[in-house]
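Data block below; observations after.
The values are calculated or read from the model by the stated rules, or taken from the named source; none is laboratory data. Since the model is a prediction, treat every value here as computed from it, not as a measurement. In this analysis, Cβ positions are derived from the backbone assuming ideal geometry, glycine residues included, and neighbour counts consider all displayed protein chains. These area figures cover heavy atoms from the full protein model, side chains too; ligands, DNA and RNA do not enter into them. Shrake-Rupley method; radii C 1.70, N 1.55, O 1.52, S 1.80 Å.
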Amino acid sequence: MNKHSIITIIAIIVIITPFAYSGLSIFGMQQLEYRWNNPGQFTFFTMSNHGDVELCNPMPFWISFENLQIITFYDTNQRGVFTINPTTINPLSSTVQEGTFSSEDLSASQHIFMTLDFEFDGGDIRLDPNKLIVVVQADIPILGIIPYSTTTQISGFDFDQEMNSLDLSCD
């Protein structure tokens with residue numbers, strides 16, 4: 001091989017690597033597993049008072065995100081946002097990250113959350129649990145500058161089950 005071919009190959013590798021890393025992070029975020037830091041102890045009310053979430057990366061490569069938000073809606077009204085700051089998760093491992101909850105009307109949100117937590121634990125139904133929707137949104141900028149987000153929408157009950165999970169792939 002001549003030196004021009006070698007330089008070309010190195011340049012291609014240098015150009016492709018950041019795009020590949022961003023693409024792997026996007027794919028990895030779709031596979032990300034999460035639960036409350038105290039398995040089996042999750043409640044929406046507890047989440048509204050901040051807390052720690054365990055994030056599990058079951059993929060054999062690093063994944064990074066700029067922002068992870070858990071947005072709760074009840075009856076199409078946003079009740080609050082639980083935000084986890086930027087992090088990188090090592091391959092086939094988990095990390096515990098602190099999250100903060102914010103809401104325009106915290107006391108009303110907490111009242112709804114307490115009622116729904118009671119229902120999810122087998123109590124009498126006072127509010128329609130089917131109206132609780134959770135949107136998990138991750139911001140993963142490509143090359144650190146091109147905005148990209150992944151969004152997953154699940155029912156409040158299913159989210160409650162995930163956050164109370166006793167087993168993750170990383171355990």
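Before moving on, here are some points about what is shown:
- With all protein chains modelled, accessible area of M114 [1.4 Å, Å²]: 100 Å²
- Amide H partners (placed H, <5 Å) of E66, local residues excluded: D139, I140
- With every protein chain in place, the stretch 3-164: carbon and sulfur % of accessible area (1.4 Å): 57 percent
- For the stretch 3-164: accessible area per residue (Å², 1.4 Å): 54 Å²
- Taking every protein chain into account, the 1.4 Å probe leaves V136 with about 20 Å² of accessible area, to the nearest ten.
- Residues T95, T8, ordered by accessible area of protein heavy atoms at a 1.4 angstrom probe radius and largest first, appear as T8, T95.
- Remark: accessible surface ordering of L127, L143, L92 (largest first) is L92, L143, L127, probe radius 1.4 Å.
- Spin-label model distance (nm) - L92 vs F27, 7 Å beyond Cα toward Cβ: 1.7 nm
- R0 of 45 Å, Cβ-Cβ distance E104-I13: FRET efficiency to nearest 0.05: 0.40
- Loop-located trypsin sites (Lys or Arg not before Pro) in the stretch 67-171 (DSSP state other than H, G, I, E, B) with a sparse environment of at most 11 neighbouring Cβ atoms within 10 Å: R126.
- For the stretch 93-171, the list of GluC sites (Glu not before Pro) that fall in a loop by DSSP and count at most 16 other C-beta atoms within 10 angstrom reads E104.
- Counting only alpha carbon atoms, the long axis of helix 3-31 and the longest principal axis of the chain meet at about 10°.
- Taking Cα atoms only, the orientation of helix 106-120 departs from the longest principal axis of the chain by about 80 degrees.
- Spatial separation of Cα centroids for the stretch 19-76 and the stretch 130-155, in angstrom: 10 Å
- A Cβ-based charge dipole, computed about the Cα centre of the chain with Lys and Arg at +1 and Asp and Glu at -1, lands at about 860 debye.
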